[in-house]
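This report refers to the structure that appears directly beneath it.
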Amino acid sequence: MAAKRILYLLLIYCFTSWLITREFSLNFPSGTLIEGFLVIAFIAAIFQVAKTGWANANSDIFYLMLFWFFISVIEVINPEGASVIGWLKEIRSAALYPLLITTLSMVIFDEIKDLNNFILLVLIFSTLAALDGFKQQHIGLSKGDIEFLASGGANTHLLWGRLRVFSFYSEAAQFGASQAHIGLMALILALGPIQKKYKVMLLVASALMFYGMLISGTRGALFALIPGAFTAIILSKKFKILIIGGVLGICFICFLKFTYIGNGSYEIYRLRSALNPDDPSLNVRINSQRILREYMSDRPFGGGLGVTGANGMLYNQDKFLSKVQPDSYWVKIWAMYGIVGFTLWLGIMMYILGKCCGITWRIRDEGLKIKAIALTSGFAGILICSYGNEVINTMPSSIIIYMSWAFIYKMPKFDQELTDAKLLTN
């Protein structure tokens, strides 16, 4: 089906768009091309998908995304008077992409092999990203990488003479968080009922990605790894794994928090600093949030979409919020939508996470269950990690999460198909 191929191409493009832009010195709006893929996929789906397929969109997640999109549209009349152009730029990643990608995935992907293809593509391109990061660290930078650093990237990616590896992603924070996310997924999948050769391949890929996480110098990636791992342990429903995994997780945190072992390695030292309450970077963020708390106290609906972050600096330079860097997607939502919007957004995210956990908990087929655990745990990790960085709204993490939601919602159907197939063969 052409619509499926278009969504797969979109997934690949979301991994490689920055690579294409840097290495070929292209200057085009990547978001416009994403929307082009989505429009073409939507048109193809109209002609190819039967009414029963479109009925899959009739679910709570569609209505939640539609509601959030409606809230985001209303923000254009926010009384703080943020730029309409900034609103238009921000609403795409904040509300349009979640709605369109999740809905199209629910409608178009209807087979277990679609799930397998999705996981395979994510693993392949994340492993390639890890290898490219290894190349940047140990072999050298490409022409495009050097130009990226020279054009301002060095301010955040060269610290004390050390490179924060960014691979072919937009920047190091996205690279590190994504590597933690997919590295954990690969590790979970390796524990499933699969052939030994595939276990070895997944373990190797996982190790490469965890190394990619370390060399990114992204401390927030730790908060994609730990919550995701604990979610996976709980969803496993195996008491032995729960105990062993819990003990290992606590030991790992204690190793980082209460020892100095490995501080000779810059990567381990920087990761350890994520648990240091006296870290200067953390204190800067806390101070910024304190300033925002005072400013937002009488603005329950925020300052409007695009008023902070990159779009704030470009289109709302006259606004106070444009001068306070959010350094967190949670904080960014709070600044743009206010406490009312933030409460709605967080409630929606927690509902979806709870629903995904409930679906995963009830899956009977062991092979499918391990895939559901991997996708749900990845979402849990990225959601928590987004408190420290803008991750869940940045490609490729965002498209992986939105497609993951759709596949998890389809898993009861897949589970029933596998159960029926087993009954026929017995």
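Rule-based calculations on the coordinates, nothing more; no lab input. Source: prediction; values computed, not measured.
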**Fill in**
Once phi for every residue in the stretch 388-403 is put through the Karplus expression 6.51 cos²θ - 1.76 cosθ + 1.60 (θ = phi - 60°), the whole-Hz ³J(HN,Hα) values, with Gly and Pro written as x, are x, 9, 7, 10, 5, 9, 10, 6, x, 4, 5, 5, 5, 5, 5, 5
**Request:** Could you run the Karplus curve 6.51 cos²θ - 1.76 cosθ + 1.60 with θ = phi - 60° over the stretch 133-145 and give me ³J(HN,Hα) per residue in whole Hz, x for Gly and Pro?
**Result:** x, 4, 5, 4, 6, 10, 10, x, 8, 7, 4, x, 4
**Message:** Suppose the Debye formula is applied to equal point scatterers at every Cα of the stretch 1-156; what is log10 I(q)/I(0) at q = 0.11, 0.17, 0.21 Å⁻¹?
**Reply:** -0.60, -1.14, -1.32
**Prompt:** the stretch 382-426 to the stretch 156-218: how many Å between their Cα centroids?
**Reply:** 19
**Prompt:** Looking only at Leu158, Leu11, Leu203, which one moves most when the chain is put into a Gaussian network model with springs between Cα atoms under 10 Å?
**Reply:** Leu158
**Prompt:** So, in Å, what gap is there between the alpha-carbon centers of the stretch 1-21 and the stretch 57-110?
**Reply:** 21
**Item:** Compactness index (Cα Rg / 2.2 N^0.38 Å), the stretch 289-407
**Value:** 1.24
**Asked** What is the extension gain from Tyr387 to Glu417, computed as 0.36 nm multiplied by their sequence separation minus the C-alpha to C-alpha distance, in nm to one decimal?
**Response** 7.0 nm
**Asked** So what's Rg/Rh here for the stretch 70-177, counting alpha carbon atoms and using the Kirkwood radius for Rh?
**Response** 1.10
**Kirkwood hydrodynamic radius over Cα pairs of the chain, then Stokes diffusion coefficient at 20 °C and 1.002 mPa s, in µm²/s** = 96
**Asked** Using the Karplus equation 6.51 cos²θ - 1.76 cosθ + 1.60 (θ = phi - 60°), what ³J(HN,Hα) coupling, rounded to whole Hz, does each residue of the stretch 78-92 give in order, writing x for Gly and Pro?
**Response** 3, x, 6, x, 5, 4, 5, 5, x, 4, 4, 5, 6, 5, 5
**Fill in**
What the 5 Å binned alpha carbon P(r) of the stretch 349-426 shows, as percent of pairs per bin from 0, is 3, 16, 25, 21, 14, 10, 6, 3, 2, 1, 0
